[in-house]
Amino acid sequence: MSLLNQLFNRGVFGTKCKTCLNLAISRMKLLQNKRDVQLKQMRKEIAQFLQAGQEAIARIRVEHVIREQDIWAAYEILELFCEFVLARVPIIESQRECPPELREAISSITFASPRCSEVPDLLQIKNLFTAKYGKEFVSAASELRPDSGVNRTIIEKLSVSAPSGEARLRVLKEIAQEYNLNWDSSNTEAEFSKTHEDLLGGSKHVSGGAAPSQAPAKQGSFSSSPSNGAHSIVAADIKQEPKYLHAPRPLRETHTSYTNEIQPSINDDKAVAVSDTKRETRPKSSEILERARAAIASAERASAAARSAAELVKSL
């Protein structure tokens, strides 16, 4: 029974593998044709932006063009790998381990299957090879281990990293040459040559320009001898403050006559008020003394009456 099961499983694996490979090849061809039309339209739009002088928009759009071109190139390589594996399906069925000459093709298809969502047939092929060679073989290809054997071009084309400035500049020049544009690439080259530090260096120039304007004020505060220490700085700051206090001198000089006339009257009024308050305080103090004397006299009378009453009680 085991031999029959193995023969039956081999037939099932071969049939499923051939079906999935054929579907993947036909689907990738359709996607390549679709991308050809899209790339032509996108390149034409970028040429229009370059002609209109909108290089900033063209620099952004060219990244999408490069991404689509990379996927198109990856599909072309995967299509060749699928055709190669399709022709060797009988060899794969007859051997338990992966043949060395097919290792690169199978590992590349396994690596690309989760990264090419538009071709779901590649995931089915990956599942078939997982059942055939085990999870360790598939994980080695997915994690790009040293012995995985994944094609280097497939790794680069399916990478999610942004394209370099040189690649974007090269594609822009190709588009300008394709549409016969007299495009000056000096501004774009300068923009792509900037590093992140150069792009973030604007604040440094601003701070450098603001420093000379503050230098004269600092020199005035430190002009004294170093032996004084912090006291010399405080003295310099205090000396500068009266300048702002005595600034409106002309206004005082224009109104000197008017203020001189008003000041005597104000002084006279103050003198009268002070004299009135003194007069008011004197009667009040005399009244208080008289009341105190009356209270003392009444207390003495009361004490005398108490004494006389005590003497009467003793006599009785």
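Please treat every number below as a calculation from the coordinates, not as lab data. Quantities reported herein were computed from a predicted structural model and do not represent experimental measurements. So basically every Cβ, Gly included, is an ideal-geometry build from the backbone, and we count neighbours across all protein chains shown.
Here the simple spin-label model places points 7 Å from the Cα toward Cβ, and for Ile288 and Lys18 these points are separated by 12.9 nm.
The charge dipole of the range 3-165, taken about the Cα centre with unit charges on the Cβ atoms of Lys, Arg (+1) and Asp, Glu (-1), comes to about 320 debye, rounded to the nearest 20. Pairs of lysines in the range 1-118 whose Cα atoms sit within less than 28 Å of one another amount to 7, provided the residues are eight or more positions apart or on different chains. The C-alpha atoms of the range 3-165 occupy a region whose extents along the principal axes are 72, 31, 21 Å, arranged from largest to smallest. For the pair Ser117 and Leu181, label points projected 7 Å from Cα toward Cβ lie 3.1 nm apart. Sequence-distant contacts, meaning Cα pairs under 8 Å at least 6 residues apart, place the relative contact order of the range 3-165 at 28 percent.
Taking 0.36 nm per residue of separation and subtracting the current Cα-Cα distance, fully stretching the chain between Glu311 and Ile60 would add 77.9 nm.
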